[in-house]
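The structure under discussion appears below in the form of structure tokens.
Just so it is clear, none of the values below were taken in a lab; they were calculated from the coordinates. Since we're looking at a predicted model, the values are computed, not measured. As a convention, Cβ positions derive from the backbone with ideal geometry for all residues, glycine included, and neighbour counts pool all protein chains shown.
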Amino acid sequence: MSGKPVGDPIPVPIRPQSLAGDDTAVWVVSLGANAVTRIDTKTGVRDKLPIDISGQPTDAAIGYGKVWFSLSSDDQVASLDNK
């Protein structure tokens, strides 16, 4: 490991807050945009446009075929298919 970034940076919406990933995708929670973005791990390309998530998503976790988001302004949890 060289300690240097591999490849070019991948643009995401304002204020990326947290990441969750597995062998197929990395999900980025962007607090400043109330949005999440899916990045394909094989290609390194954003394969979904930012998805608006109301409720101020702050964190993400992957499990049971879904990606789960905590919604800080609503005291709730939301999920999307991890595809």
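General observations
- Cross-link partners of Lys48 among lysines, defined as those whose alpha carbon lies under 16 angstrom from its own and excluding same-chain residues fewer than eight positions apart: Lys66, Lys83.
- Computed over the stretch 1-57: relative contact order in percent, which uses C-alpha pairs under 8 Å that are six or more apart: 26 percent
- The length gained on full extension between Thr41 and Asp59, counted as 0.36 nm times the residue separation minus their Cα-Cα distance, comes to 4.6 nm.
- Per-selection Kirkwood Rh - the stretch 22-70 (Cα, Å, 1 d.p.): 11.0 Å
- Simple Cβ-charge dipole of the stretch 1-69, Lys/Arg +1 and Asp/Glu -1, about Cα centre, in debye nearest 20: 80 debye
- The chain: translational diffusion in µm²/s, Stokes-Einstein, Kirkwood Rh over Cα pairs, 10 °C, 1.306 mPa s: 122 µm²/s
- Gaussian network model of the chain, Cα within-10 Å springs - most flexible of Asp59, Asp23, Asp47: Asp23
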